[in-house]
Amino acid sequence: MIETTHLPEGTFQTAPDIAYNIILHKILDGEYPPGAKLSRRKMAEATHVSVIPVIEALKRLEEVGLVVSKPQWGSRVTVPTREKVLHTFQLREAVECQVARILSQQITQEQTAQMMSIATELDIVPYDDTSAVDSRNRHWEFHNGLAACTGNDLLVKTLDRANLFWILCQALSTTAPRKQYPRYWHRKLIDDIISGDAERAERSMREHVLDALPPLLEALDN
């Protein structure tokens, strides 16, 4: 499950943590679409906490790029623009390609087995309206998991932010034609990473990441 406040099960969560995670998922699930106003009072009611924790949660959501706040205007869900989409994909491409290069030299057998299991599920489970949320979460787990395998927390945190914005953008491309991916689309990426060839791993990751860009740009232009 997508969550940027990572807490073990049963761990006490502060009121800002609770508000942050609830609002985050409502944004990513499309309940609060791009441009939606996030009234502090209404957010307090929705999250069952007071206004002060909501204010902190909204600030954190602003820091990861999902919320925009202005004086006399309030807080609203970020509206993706062509420029923001392009800049985010440039960042995502750079980080994920570096992840692929690093893993081509150091991924372990245990990590490979774990990531190949997720890749196989992504390749064989049909994508439709009933599986959209699970598929989104598994894609998050796949890409975030690859970054985590590098052991570089900075890469993981940077990719988190880029992928949160990418998921927000997905709401814009729901009416765009869905591309039929090759049957081994995700497994091929893992195969290329474990080849030990850094250039091959990077090329495969770049193709994988940039494949999602045209539908988003098409949706923005329509």
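The values are calculated or read from the model by the stated rules, or taken from the named source; none is laboratory data. All values derive from a computational prediction rather than experimental measurement. Using ideal geometry, Cβ is built from the backbone for each residue, glycine included, and neighbour counts are taken over all protein chains shown. With ligands, DNA and RNA removed, areas are computed over all heavy atoms of the protein, side chains included. Shrake-Rupley method; radii C 1.70, N 1.55, O 1.52, S 1.80 Å.
Got a sec? Which of 203, 187, 178, 161 is at pLDDT 85 or above, more than 28 Å from residue 113 (Cβ to Cβ) and not aromatic (Phe, Trp, Tyr)? I'd like the intermediate steps shown before the answer.
Values: 203 fails: more than 28 Å from residue 113 (Cβ to Cβ); 187 fails: more than 28 Å from residue 113 (Cβ to Cβ); 178 fails: at pLDDT 85 or above.
Going through 203, 187, 178, 161 in turn, the sole match is 161.
With the structure loaded, tell me whether residue 117 is hydroxyl-bearing (Ser, Thr, Tyr), touching a helix residue (DSSP H, G or I) at 6+ places or on another chain (Cβ under 6 Å), closer than 26 Å to residue 195 by Cα and not in a strand (DSSP E or B) or whether it fails that test. So residue 117 fails the test.
Cβ separations smaller than 9 Å between residues 6+ apart or across chains give the following pairs from the stretch 79-98 residues that are over 24 Å from residue 202 (Cα atoms) to residues that are of a type outside the set (S, T, N, Q) and open to solvent by 80 Å² or more (accessible area, probe 1.4 Å): 82/221.
Could you tell me whether residue 63 is at pLDDT below 95, under 22 Å from residue 158 (Cβ atoms) and acidic (Asp, Glu)?
Here the answer is yes, as residue 63 does meet what is asked.
Can you name the residue in the stretch 125-150 that is part of a helix (DSSP H, G or I) and among the polar types (S, T, N, Q) and, of all such residues, is modelled with the lowest pLDDT? Walk me through how you get there before you give the answer.
Of all residues in the stretch 125-150, those part of a helix (DSSP H, G or I) come to 132-149.
When the remaining residues are screened for being among the polar types (S, T, N, Q), the result is 135, 137, 144.
Numbers: 135: 77, 137: 83, 144: 94.
Result: 135.
Just one of the listed residues (62, 110, 93) is in a helix (DSSP H, G or I) and open to solvent by 80 Å² or more (accessible area, probe 1.4 Å), and it is 110.
Summed over the stretch 26-40, residues that are more than 15 Å from residue 65 (Cβ to Cβ), open to solvent by less than 90 Å² (accessible area, probe 1.4 Å) and either in a helix (DSSP H, G or I) or in contact with a Leu (Cβ under 8 Å, 6 or more places away or on another chain) (or both) total 1. Among the residues of the stretch 88-109, some residue qualifies, meaning at least one is over 30 Å from residue 218 (Cβ atoms) and out of contact with any helix residue (DSSP H, G or I) (no Cβ under 9 Å at 6 or more places or on another chain). If you take the residues in the stretch 49-59 that are in contact (Cβ under 8 Å) with a residue 12 or more places away in the chain and not aliphatic (A, V, I, L, M), which one is least open to solvent (accessible area, probe 1.4 Å)? So the residue we want is 53.
Going through the stretch 65-90 one residue at a time, which ones are among the polar types (S, T, N, Q), part of a loop (DSSP other than H, G, I, E, B) and open to solvent by 30 Å² or more (accessible area, probe 1.4 Å)? Before you say what the answer is, go through the steps one by one.
Residues of the stretch 65-90 that are among the polar types (S, T, N, Q), as a first pass: 69, 72, 75, 78, 81, 88, 90.
With part of a loop (DSSP other than H, G, I, E, B) added as a condition, the list becomes 72, 78, 81.
Listed by number, the residues that qualify are 72, 81.
With respect to residue 105, is the statement that it is open to solvent by 30 Å² or more (accessible area, probe 1.4 Å), at pLDDT 95 or above and not hydrophobic (A, V, I, L, M, F, W, C) true? It is true that residue 105 is open to solvent by 30 Å² or more (accessible area, probe 1.4 Å), at pLDDT 95 or above and not hydrophobic (A, V, I, L, M, F, W, C).
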